[in-house]
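Here the structure comes first, spelled out in structure tokens, and everything after it is commentary.
The values are calculated or read from the model by the stated rules, or taken from the named source; none is laboratory data. None of the values given here were measured: they were computed from a predicted structure. Here Cβ is always computed from backbone atoms with ideal geometry, including for glycine, and neighbour counts include all displayed protein chains.
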Amino acid sequence: MGNMKLNLKIWRQNGSNDKGSIKDYPVNDVSEDMSFLEMLDVLNDDLVRKGEDPIAFDHDCREGICGMCSLFINGEPHGPGRGITTCQLHMRMFKDGDTIHVEPWRSAAFPVIKDLATNRSALDRIQAAGGFVSVNTSGNLVDGNALPIPKDDADTAFDAATCIGCGACVATCPNGSAMLFTAAKVSQLSLLPQGKPERKRRALAMVEQMDKEGFGNCSNTGACEVECPKGISISHIARLHREYLVATVTKE
Ligand code: SF4
Ligand code: FES
């Protein structure tokens, strides 16, 4: 297998007030062993050498953990792979001569900072509104492992905890809803004994913040589950609905 020639069509936008447009970037000599982000690094090195402005995109760990990478590739968040982030996408998923469209996450709640980098701090604010447990750290701690937890609950909580907060669920949702993210964060805590005392306040506060940030409503299209790199199940959204309903009807 030789190296590939590709025609990249990349969104360029010089700040949130700029209108932005797609620009063509033909690239030669792309190895199938490169990751998608390495391929962009090589393109950026070329642009810098030519005195042009490099393409801004988010990344950090480059191993599927941090949730920073966020490219909409050929109409899908994190590209054509399943269960992987953009940084785990390799060029062997593409063919010589392919045209590849690269855009930022699109959502009213994620304004573009520059080119492919968006501001996803709205997700952080949802988390800060209630995605925590208040623990007395005065020294009289009970070992968390001393609390018996049904295996199914522990497993489901751990599955929910794998959400990396990337926002692919929002980017792919036709309503720009952050329900899968919020549901994962609520589920992770509400299933465990340590999270139960604050469950009502948590569900109400996180949903309120989600609405305040301008995310749309969930209409059960299920696209979020398909595109989530961590396979977060939409069954967590059903749990969030139950948590929210119980919190609403039993509110003092
Ligand atoms: S639910 Fe999945 S797609 Fe949404 S933020 Fe978490 S990891 Fe990303
Ligand atoms: S760069 Fe951290 S998940 Fe992709």
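Quick look at the numbers
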| quantity | calculated |
| --- | --- |
| Long-range neighbours under 8 Å by Cβ, at least six apart or interchain, first residue under 12 Å from Asp115 (Cβ atoms) within the range 8-22, second among the hydroxyl-bearing types (Ser, Thr, Tyr) | Ile10/Tyr25; Trp11/Ser21; Arg12/Ser21; Gln13/Ser21 |
| Selection within the range 225-252 - hydroxyl-bearing (Ser, Thr, Tyr) and not in a helix (DSSP H, G or I) | Ser233, Thr250 |
| Boolean, Gly165 is of a type outside the set (A, V, I, L, M), at pLDDT 95 or above, touching a Leu at 6+ places or on another chain (Cβ under 8 Å) and in a loop (DSSP other than H, G, I, E, B) | yes |
| Residue match in the range 127-144 (condition: over 16 Å from Gly195 (Cα atoms), surrounded by 14 or more Cβ atoms within 10 Å (Cβ to Cβ) and in the same structural domain as Phe181 (by TED's automatic domain parsing)) | no |
| Subset of the range 206-227 [under 15 Å from the mean Cα position of the chain (by Cα) and among the acidic types (Asp, Glu)] | Glu225, Glu227 |
| Close pairs (8 angstrom Cβ cut-off, 6 or more residues apart or separate chains): under 21 Å from Met68 (Cα atoms) in the range 123-139, of a type outside the set (A, V, I, L, M, F, W, C) and assigned to a loop (DSSP other than H, G, I, E, B) anywhere | Leu123/Gly165; Leu123/Gly167; Asp124/Gly165; Arg125/Glu213; Ile126/Glu213; Gln127/Gly165 |
| Long-range neighbours under 7 Å by Cβ, at least six apart or interchain, first residue of a type in the set (Gly, Ala, Ser) within the range 140-159, second assigned to a loop (DSSP other than H, G, I, E, B) | Ala157/Leu191; Ala157/Leu192 |
| Selected residue (criterion: nearest to Ala108 (Cα to Cα)) from residues of the range 23-61 that are within 16 Å of ligand 1 (Cβ to nearest atom) and without any contact (Cβ under 8 Å) to a residue 40 or more places away in the chain | His59 |
| Residue within the range 150-157 that is hydrophobic (A, V, I, L, M, F, W, C) and not in a loop (DSSP other than H, G, I, E, B) present | yes |
| Test: residue in the range 189-199 that is touching a Phe, Trp or Tyr at 6+ places or on another chain (Cβ under 7 Å) and not hydrophobic (A, V, I, L, M, F, W, C) | no |
| Qualifying residue in the range 89-105 (condition: assigned by TED's automatic domain parsing to the domain that holds Lys185, part of a helix (DSSP H, G or I) and touching a helix residue (DSSP H, G or I) at 6+ places or on another chain (Cβ under 8 Å)) | no |
| Extreme residue, farthest from Arg82 (Cα to Cα), among residues of the range 226-244 that are in contact with a Ser or Thr (Cβ under 6 Å, 6 or more places away or on another chain) and within 12 Å of ligand 1 (Cβ to nearest atom) | His236 |
